[in-house]
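Below is one structure, written out as structure tokens, with a few remarks after it.
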Amino acid sequence: MNKPTVIQAVGRAFSQIRRYRMTIGLLFLLNLATSLTITHLFRVVFQSHAGDSHIDELPGGLFNGHHLVELTQSEASAFGVLTVAVVIGFALFGAAQLFLAGGVAAQVHLDKGDNPRVFWRACGFFFPRFIRLALWTAPLLALIPIAVVSLRGVLTLIYGTNFDDQLGMTAVYLQMLLVVGLLLLLKQLFALARLQMVRKPARSGLQSLVAAVMFCIQKLPTIATCLFLFTLMYVLLGFTWIECRALLPEHGLLLVLMHQVWILGKKTLDVALTHTECSLLEHHAATPQVRPGGMPPMRRIY
Amino acid sequence: MIGRFTLLGVTMLGWFFVALPALTLNAGEALSPRIANYRIEARLTPETRTISARQYLLWHNQSRVAVDELQFHLYLNAFRHTQTTFLKERPSSARPYDRVWGGVDLKTIKVQKTRTGVQEEVNGAVREHIRADHNRFDAPPTPETLLDVTDRQSFIRPDDGNIHDQTVLRLPLPELLPAGASIWVYFEFEATLPDPPIARTGAAADYFFAGQWFPKIGVWQNGAWNCHQFHRYSEFFADFGVYDVALTVPANYHVGATGRAAAPSQDQAGNLTYHFQAEDVHDFAWTASPDFVVHEEDVDQVHVRLLIQPQHREQIERHMVAARHALRAGPELLGPYPYDTLTIVDPHPEAGETGGMEYPTLITVGTKRGLPKGVRVMEATLIHEFAHQYFYHLVASNEFEESWLDEGFTSYAEMRMMHSLFGDTAPMLDLFDLKVSDQHMNRAQLIANGSIDAMAKKSWEYKSYSSYGVNSYAKPALALTTLERVLGRDTFDKILRTYVKQYRFKHPTAADFIVVANVVSGRNFNEFFDQLMNDNGALDYAVTDVRSQPKPAVHGKGLEPEKQDNPVYVNRVELRRLGTFRFPVEIELRFADGSTKQEQWDGRDSWHRLEFESTAKLESAHIDPDYKILLDINFTNNSRRRTADSDGADRLASRWLGRWQWLLEALAL
Ligand SMILES: [Zn+2]
């Protein structure tokens, strides 16, 4: 079997994506349900704020500073509760993502399209393992402050101690980019480790993580190209959203509906990325150096 | 004219009053009283952060009272050690403790003799000959001819009795200085600029900003010295005069200062001496650094010098856009800018403390490289500091005692100019959905801290820094905007211009402004200002209930049932005053058929009820529907619908849904 180029893997992922409509739909619904719940709580506060008054007619619309001042003042007590609700909402969303991740990975690994039976069994099977995997990945977050300190050190070497002023906002953006970029990379590392675990469920969380790191090291150009292509696509998606935002209504149902197109696009990209990474892993493992055979049929496990 | 006067001995009272001749100051026609006039020769030694100087002060006693002592501000002494009044009020500024501490060390103080020493007795009273007052600013005496009074100096602490504070110097005069007379006072001193800078002044790396750096005479007012200690929040108060300052700095330094500079001269050591002259100003500040990139431009009649840090070079045009607007919109709003220069200083990054400050014809700003265009803090600061050229620099109210008169009026003018430059929606912050104006920021402050103190207090008497801030900046700015909206912009602008015109080069107080406001508007704002200045109460009017019901038919003996062709509604609206601040309000009533009706309430009682009939059902009531009263701390309760409406909430929610969706995606795999 020929090793596919990244382009081929991406192409194959998009050609297969039609077969994962249920998966995409499910991930989308999770996003929608969580955001609707959080928004509903905010709407209650907005209603208590603006429902009885004409405050929503303030010049400049609902998003100018006057309104922020009014809202934060008159609903100050509600915001404490809202903050807690948002934190809980995000935590539950994260947990649900972790739960569904097993199903998505297992299906994509089988490469046979949506299969509810496999999906839900894999969800249940991998959930506790993914939690352990997540716990193993968490210490890597320490890389972020280390990287920021190193970046500041490098900038100091180049520009001197007042690099903050020499570079101005560029220094701020660089540090922000580093933090966000590292967080996203760690998320991708976790995603790869997850796929490694799904391919060989006997691996522990740590083993999967090590396997993912090894893969990244051995196949750095491949994985880098893959992530670069997908970053481009994500950025393009975000860019079209920002550009189209001006053409869409300021608020209302049409805005909400149109917005879902982009969120669905985002979810499609997510599944396509998983698919691409999965096929890259498969073909990496299927290279002659690795002796095939002798392994139990893993798919039986779930 | 000040000729040969005689002062009758101690027993004789009868002060006489002499009309001052046009002072013998060589430069131009006097716009101001020119009471405190300084000639200073100063030399900067960058290594030690010191300025060695000789200073001649020609001070005129333009009061009707003879003066027996002089008082001076030694502001830099606030940064001598941690026990000064300033640093006790703001201990964090003292750090780091291994800093270069600031201070003014007076080596020599000399004064001119006022009497000739000849006494004679006439009809039992002692008659003494006073020297003829021939003092000319351009001809200072030689130090040798003056009387050394170095030993007579002492420090006083009029505000708090803190024995460690050396920011006010008292200098008893050997002889009484009669009303109308002038006196030369000579100082030799060494000023040390704190490094890192504290509160407006100091040195950092090769950047020097000298503000409040020389012995500065207080204000002789109503027979007493107004010469406060330097406090954490307080600014300044001084008399107008002429400044002639020679500044010697290393040859590679760029210098910016109050006033105009002549071409520099070079000494044998290669140092350059810049000669600055400024008339009718009440302070002199300067900066020096080899790093500055100098941009010069004439904006109409004013020569603008922008001294900017090299790394901020790409923001020269951004600074100039704001400067050009300020120099045009400022005079349009407040009357002519009487000087021909404006120097704008961008402080060194390690000297942020010297940013955002105003001196006559010199302002400091501060920016960050790559600052997004929609974040206009730099522009707001530049425009604010320029507006200070009017409030305190021209209309010289007492910043120690009535900080709102300068900061409040300045903040108001800043708002006006920011709005005319960047539009009404988001002059301050225009980032994606976030649209903020200075008005919003002022209201946020008012709501959070507005009720801690009454507005008019001495600057060190406010409970906290935020209370000083809201009462000096936000509250008066919003009060003035409220007046502007209630009176109409034309009338209000007339008030403002009259006030500036009448009190330029004078020391007005709040009472003076209130008189102008009353006279020009033809209304009485005494109570408004009284509540604002002397009471910490909030202004908050609310609609608490709106009802509208079909009129019930009448029944019973002797009453004819009314014939109703059209339905008639009986309406009731309840209004409440939730704060103690009283202010008349307008009420707009809206009906189901789209019609509206205006009502008035003087706002004096704690509640007010409107009861009336109408042919259309009443839908809502709105106090101050045009949001003229920006002092109202709660706009939400200003209006009330009879039945709740979810339109606003739906609109908000429909936008927030998308935001949450994207945010959640950050966690998605
Ligand atoms: Zn100010």
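Computed from the coordinates by the stated procedures, all read-outs in this text should not be read as laboratory data. Keep in mind that this is a model prediction, so the values were computed, not measured. Cβ placement follows ideal geometry from the backbone for every residue including glycine, while neighbour counts extend to all protein chains displayed.
In chain A, the longest principal axis of the Cα atoms and the axis of helix A:253-285 are about 20 degrees apart.
Measuring how big region B:126-284 is from its alpha-carbon positions, Rg and Dmax come out at 18.3, 61 Å. In percent, rounded to a whole number, the relative contact order of chain B is 10, using alpha-carbon pairs under 8 Å and six or more apart. Only DSSP H runs of four or more residues enter the estimate; each adds -39500 (n - 2.57), and after division by the residues of the protein assembly as shown the mean residue ellipticity at 222 nm equals -13000 deg cm²/dmol.
Under the simplified labelling scheme, the B:Ala263-B:Lys551 pair shows an inter-label distance of 9.1 nm, with each label point 7 Å from Cα along Cα→Cβ. Mean partner shielding of peptide A:36-49, defined as the number of other chain Cβ atoms within 10 Å of each residue Cβ, is 5. For the pair B:Ser92 and A:Phe79, label points projected 7 Å from Cα toward Cβ lie 2.1 nm apart.
When the pairs B:Lys457/B:Lys628; B:Lys373/B:Lys506; B:Lys107/B:Lys368; B:Lys216/B:Lys458; B:Lys368/B:Lys494; B:Lys113/B:Lys458 are compared against a 31 Å limit on Cα-Cα distance, B:Lys373/B:Lys506; B:Lys107/B:Lys368; B:Lys368/B:Lys494; B:Lys113/B:Lys458 fall above it. Remark on chain A: ratio of C-alpha radius of gyration to 2.2 N^0.38 Å is 1.18. Annotation: for a label point projected 7 angstrom from Cα along Cα→Cβ of B:Thr425, no residues of region B:282-323 have a backbone N closer than 16 Å. Remark: relative contact order (region B:541-667) = 29 percent; criterion is Cα-Cα distance under 8 angstrom and separation of 6 or more residues. Both the radius of gyration and Dmax for the protein assembly as shown are 36.7, 135 Å, in that order, over alpha-carbon atoms. Taking one quarter of the surface of the convex hull spanned by the alpha-carbon atoms of chain B gives a direction-averaged projected area of 42.5 nm². Remark: spin-label model distance B:Ile163-A:Phe14 equals 8.4 nm, labels positioned 7 Å along the Cα→Cβ axis. Sites counted here are GluC sites (Glu not before Pro) in a DSSP loop (not H, G, I, E or B) having no more than 16 other Cβ atoms within 10 Å; the longest part of chain B that contains none of them is B:30-460. For B:Lys597, a cut-off of 16 angstrom between C-alpha atoms picks up these aspartates and glutamates, skipping any fewer than 8 places away in its own chain: B:Glu574, B:Glu586, B:Glu588, B:Glu611, B:Glu613, B:Glu619, B:Asp624, B:Asp626. Neighbour counting of Cβ atoms within 10 Å sorts the residues A:Thr5, B:Thr343, A:Thr225, fewest neighbours leading, into A:Thr5, A:Thr225, B:Thr343. What is the fewest-to-most order of B:Thr287, A:Thr37 by other Cβ atoms lying within 10 Å of their Cβ? Ordered from fewest to most neighbouring Cβ atoms within 10 Å, B:Thr287, A:Thr37 come out as A:Thr37, B:Thr287. Measure out, as a whole number of angstrom, how far apart the alpha-carbon centroids of region B:65-88 and region B:500-543 sit. Centre-to-centre distance over Cα atoms comes out at 32 Å. Over what distance in Å are the Cα centres of region B:146-219 and region B:314-363 separated? Here the two parts' Cα centres lie 28 Å apart. Taking a sphere under 13 Å around the Cβ of A:Leu253 and counting the other residues whose Cβ falls inside, with K and R at +1 and D and E at -1, yields a net charge of -1. Counting only alpha carbon atoms, the long axis of helix A:169-199 and the longest principal axis of chain A meet at about 40°.
With the largest listed first and rounded to whole Å, the semi-axes of the equivalent ellipsoid of region B:562-669 from the Cα gyration tensor are 36, 22, 10. Rounded to the nearest 20, the size of the Cβ-charge dipole of the protein assembly as shown about its Cα centre is 5300 debye, with Lys and Arg at +1 and Asp and Glu at -1. Ellipsoid fit via the Cα gyration tensor, region B:291-394: semi-axes of 21, 14, 13 Å, each the root of five times an eigenvalue, largest first.
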